């Protein structure tokens, strides 16, 4: 199998300096871009498998780069953004970015997001209907959820919520994305529904320990852990 | 003044000239009467003499008119009444003539006096209007409240011809806010002022309340808000204001109040604006700090986590590069922290200089060496005059100032730039110039290049050591040393930039004797 091609878009040379060796060691072929325009050109010419995109670029707004990319490409995009800029992250995710990593970040965290993004791409191409996340087993074909082989009874909405997260296991889903997928676009702003159902779901799943199945991304959304 | 009745001004006897002219008028009438009676043989010439009475009655008022009528009667009696050339009054008919002359004189002078008065009032009103207009206009050109009131006091004093004061309500009492000339208000005056303020009516000399005071006060309010009082001196007892002057006083008070209120609003707005600017400076600083700190922190965290998690799988040169990037970024952070501390201390005025004798060439070399250690690829040339005297300065702050200037050139001049640093003497000042051959400073940025947050680009694609504070700090440090810093751009062929630091040289210099005083064991 060919090395996955990774396009890293960041205007800080210092970021490339430490990212490139590790990404190469991890088996990626790294393509560098320091501006939004260069990123768009390289995305077309090199056809990367994943794009890492810093939202603060000198020439273009990172969000515009996402919009431009999504015109013709479904390549997973992981955005780099400051921890305190939730609105920017949410906008980027709603515009089609697949995930985000807060700056400053550790390399392990970034690599986990990249793996999840790549896996999800392959999953769309047809993995089996049964997802395993640690002790949990989610059978999307038979609408069955089990923990350690024991069935867990969920309401329809609870199951929909879990299934939606499971289909994107490892990547974040914004509040808006979850709400419109399950309750419809007219409820896209009603985050209180989400909090109530996530709370119920965690209770039924017994997901209350330190290591969570459903991970809260504060101010942004939720992701299903793909550890395991 | 409300005065619809015939106005007889009994008080003014009129000037001597009026009586002389009245005499001439009657004389002329007499001459005409004589000519007419001789030539035409007219017997009754009293209408001609009556006319001669009308002229002074119209022109000079009551007393000259009465004088003229008496004179005319005497002339009539003397020249035309039998027995001729005597003043003997033979028949009662002559007395009727006298009475007729008098009545005509009085009525005419009264009517004329009234219309004259009217004309005079119109002129005075016009003058007052113009004065009030000029008053309001002068006040509108003044910005702060104290100046508004001072101007108002001077102007009002000129208009009223009396010393004028303004008292403003502050903390439940009136305080003297402005005076046309040095004015001290005694207790009686203050009591009158308080009354005028509390009851919103005229008070003081010549009024119903506090008449014993030597000042007259009128309330001053803007809309429904009472601001204070206007006061004018009653120059000597028994010289209070007449009704017109009172009206004028009220008008002046109103104009002054409006102007003072406007000034207060303007100053409140500017205070709010200043607060908003401080707030926005703080916000920009915070945003810059969080952005500019994040990049080196990202590098450090990223490189460190790479080494921890993947170190064994990286080659030795890769590991070394990650380690040195951690080192460099930590130095960047240190530089930023130092700059932030410096700007905070400069802002607070708390920069205490640890002055010592400093060799500028040494400082420049250290700064250049640091820049090279941090990976500056540009060609940096240093030139200095051999006989350069030492300067008395804070060595570490001077290095910070120089470092910021060099860093600015390194960031903006491009990777292939040539940067010249030159040190020389210019009279009683040491001069350090940093010249690059980069694109230069945009003309619109040049005037505020030393201002905080002045940046050539919105983004910080410049190595991350920039809050747009560097040159502001340089300026602060150099000025704290009594020097100055200037920027020029372009310097040659439409490009390049030169930043020049000038530091004062002290008259006294460390001589050899000082070296001898130094502890030999310390060297």
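All of the numbers you see were taken from the coordinates with simple rules; none came from a lab. Just so it is clear, the structure is predicted and the values come from calculations on it, not from any experiment. Here Cβ is always computed from backbone atoms with ideal geometry, including for glycine, and neighbour counts include all displayed protein chains.
Among beta bridges from DSSP that stay inside chain A, the antiparallel ones total about 50%. Binning all Cα-Cα separations of segment A:130-224 at 10 Å, short to long from zero, yields these whole-percent fractions: 16, 55, 27, 2.
Taking 7 Å steps out from each Cα toward its Cβ at residue A:86 and residue A:3 produces label points 4.0 nm apart.
Between the Cα long axis of helix B:46-60 and the first principal axis of chain B there is an angle of about 20°, rounded to the nearest 10. Put the Cα centre of segment B:468-482 next to the Cα centre of segment A:157-219 and the gap is 53 Å. With r defined as the distance between the Cβ atoms of residue B:312 and residue A:139 and R0 fixed at 35 Å, what FRET efficiency is calculated, to the nearest 0.05? The formula returns an efficiency of 0.35 here.
Residue B:39 to residue B:493: extension gain in nm, 0.36 nm per residue of separation minus the Cα-Cα distance? Provide the component values of the computation, followed by the final result.
Numbers: separation 454, 0.36 × 454 = 163.44 nm, distance 10.77 nm.
Here the answer is 152.7 nm.
Take the Cβ atoms of residue B:122 and residue B:383, set R0 to 51 Å, and the FRET efficiency comes out at 0.05.
Annotation for residue B:186 and residue B:323: the two label points, set 7 Å from Cα along the Cα-Cβ direction, are 9.3 nm apart.
Label segment B:135-184 by shape, choosing from rounded, prolate and oblate, from the square roots a ≥ b ≥ c of the eigenvalues of the Cα gyration tensor; if a/c is under 1.5 it is rounded, and otherwise prolate applies when a/b is larger than b/c, oblate when it is not. It comes out oblate by the Cα gyration axes. Using alpha carbon coordinates only, what is the Rg to Rh ratio of chain B, with Rh defined as the Kirkwood radius? Ratio of gyration radius to Kirkwood radius for chain B: 1.39.
Principal-axis analysis of the Cα atoms of chain A puts helix A:13-25 at an angle of about 60° to the longest axis. Once the chain from residue B:366 to residue B:74 is taken as fully extended at 0.36 nm per residue, the excess over their C-alpha distance is 93.4 nm. For segment B:324-431, rounded, prolate or oblate, judged on the Cα gyration tensor with a ≥ b ≥ c (square roots of eigenvalues), a/c < 1.5 rounded, else prolate if a/b > b/c? Oblate. Once the C-beta distance of residue B:277 and residue B:338 is scaled by a Förster radius of 30 Å, the resulting FRET efficiency is 0.70 to the nearest 0.05. The orientation-averaged projected area of the convex hull spanned by the Cα atoms of the protein assembly as shown comes to 66.5 nm².
To the nearest 500 deg cm²/dmol, what mean residue ellipticity at 222 nm is calculated for chain B from DSSP H runs of n ≥ 4 alone, each contributing -39,500 (n - 2.57), summed and divided by the residues? Show your work: numbers first, answer last.
Working: 12 runs with 288 residues, N = 523.
Taking each H run of at least 4 residues, the total per residue is -19500 deg cm²/dmol.
As I understand it, the value is the acute angle between the Cα axis of helix B:316-348 and the longest principal axis of the Cα atoms of chain B; what does it come to in degrees, rounded to 10? The angle comes out at about 20 degrees. The modelled label-to-label distance for the pair residue B:96/residue B:111, using points 7 Å beyond Cα in the direction of Cβ, is 2.2 nm.
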